[in-house]
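Asks: I have a structure I would like to understand better, so I am pasting it below and will then ask my questions one at a time.
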Amino acid sequence: MKWWKILGIVLLFYALVAGLLLPVPKLPILEQSIRNLYYHVPMWFGMLALLIASAIYAGQTLNKKGSKYDMLSSSYAQVAMLYGILGLLTGMVWAKNTWGAYWTNDPKLNSAAIGMLMYAAYFVLRSSIEDDEKKARISAVYNLFCLPVFIVLIFVLPRLTDSLHPGNGGNPGFNSYDLDSRLRLVFYPAVIGWILIGFWIADLQIRVKKLADKKYNN
Amino acid sequence: MKHILVNQIVQHSNQMPDAAGTEKFYVVVTVIAILFVGMVAYLISLDKKIKNLEK
């Protein structure tokens with residue numbers, strides 16, 4: 001087994017256990033729910049890393065016209081969606097405990113939902129085209145269009161309006177007032193761990209698809 | 001006024017039970033750890049199976 005997979009397992013195990021057991025700063029309203037910082041935020045980091053990888057391979061698909069790159073691009077996008085769903089669910093639980101509702105009419109939350117729907121449309125688009133080459137090219141163009149829009153939706157638009165979400169709408173991000181050294185001890189390993197595990201799941205999916213392709217061509 | 005409100009919030013947060021430190025909490029951590037180990041074991045077995053198929 002490759003070293004980065006082992007590193008991913010070790011870091012994530014540490015983040016899961018230490019994230020629940022190590023002391024956290026006592027913050028009003030957030031209370032113990034601050035521990036969700038180790039799970040909710042790294043999932044979004046992981047999602048973004050996977051979406052960037054997906055967009056890079058989408059670019060390669062257009063440059064080199066290879067279905068191999070299209071397969072890589074779609075696999076990374078699929079795992080990114082899994083992370084996105086997990087990120088939304090952990091965010092909803094956190095919102096219920098701090099804001100009093102699973103979903104509020106907040107620009108950050110709505111933007112995240114729109115971004116996820118955009119990528120859901122990517123998969124609908126892929127499934128609607130039968131010709132493999134055409135599917136690869138059109139979905140690659142759509143993927144390259146999606147990423148910058150997604151980044152604007154998640155990181156730019158919520159900062160321009162009022163928002164409950166930390167780091168948006170004039171609210172300070174966790175980094176500036178409560179991401180102290182105790183949180184950092186778990187937060188950074190958690191980010192790296194979630195990213196590595198995401199790439200591992202995508203790697204498994206890619207290898208299965210390659211085997212299926214090989215079998216189909218024989 | 002603002003000072004009183006801040007004091008109340010701090011008092012309230014001090015009264016809240018600290019989940020970490022109760023015996024039930026360790027049970028939760030153990031269950032989560034077991035679930036994680038199970039998921040990792042599944043990923044490793046999948047990795048090995050795919051490796052064998054690739055050979």
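All of the numbers you see were taken from the coordinates with simple rules; none came from a lab. This one's a predicted model, so the numbers in the text were calculated from it and none came from an experiment. Every residue, glycine as well, gets a Cβ built from its backbone with ideal geometry; the counts of neighbours run over all protein chains shown.
Asks: Among residues other than residue A:99 whose Cβ falls under 15 Å from its Cβ, what is the net charge (Lys/Arg +1, Asp/Glu -1)?
Replies: Within the 15 Å Cβ shell, the charges total -1.
Asks: May I pose another question? Let me check against my output: what whole-number percent is the relative contact order of chain A, with C-alpha pairs under 8 Å and at least 6 apart?
Replies: Relative contact order, chain A: 35 percent.
Asks: Something else now. Could you work out how far helix A:67-98 tilts from the main Cα principal axis of chain A, as a 0 to 90 degree angle to the nearest 10?
Replies: That works out to roughly 20 degrees.
Asks: Continuing with this model, one more query. Sort out for me the Cα centre separation of region A:1-80 from region A:115-149, rounded to whole Å.
Replies: 21 Å
Asks: Taking K and R as +1 and D and E as -1, what net charge do the other residues with C-beta under 13 Å from the C-beta of residue A:42 add up to?
Replies: Cβ neighbours under 13 Å give a net charge of +2.
Asks: Another question, if that's okay. Working out 0.36 nm times the residue gap between residue A:103 and residue A:89, then minus their Cα-Cα distance, what length gain in nm do you get to one decimal?
Replies: Full-extension gain reported as 4.0 nm.
Asks: With axes computed from alpha carbons, what is the tilt in degrees of helix A:107-128 against the longest principal axis of chain A, rounded to the nearest 10 within 0 to 90?
Replies: The angle comes out at about 20 degrees.
Asks: Per-residue HN-Hα couplings for region A:9-20, Karplus 6.51 cos²θ - 1.76 cosθ + 1.60 at θ = phi - 60°, whole Hz, x for Gly and Pro?
Replies: 4, 4, 5, 6, 4, 4, 5, 5, 7, 5, x, 8
Asks: Shifting gears a bit: What average number of partner chain Cβ atoms lie no more than 10 Å from the Cβ of the residues making up B:44-54?
Replies: 4
Asks: Could you give each residue of region A:151-160 its phi-based ³J(HN,Hα) in whole Hz, using Karplus coefficients 6.51, -1.76, 1.60 with θ = phi - 60°, and x for Gly or Pro?
Replies: After applying 6.51 cos²θ - 1.76 cosθ + 1.60, I find 5, 5, 5, 7, 9, 9, 4, x, 7, 8 Hz.
Asks: Nearest 10 degrees is fine. How inclined is helix A:181-217 to the longest principal axis of chain A, computing both from alpha carbons?
Replies: With rounding to tens, the tilt is 20 degrees.
Asks: Next question, about the same structure. When the C-alpha atoms of the protein assembly as shown are aligned to their principal axes, what extent does each axis show, in angstrom, from largest down?
Replies: 74, 42, 27
Asks: Next up: Would you kindly state the longest site-free stretch of chain A, with sites defined as trypsin sites (Lys or Arg not before Pro) in a DSSP loop (not H, G, I, E, B) surrounded by at most 15 other Cβ atoms within 10 Å?
Replies: Answer - A:66-218.
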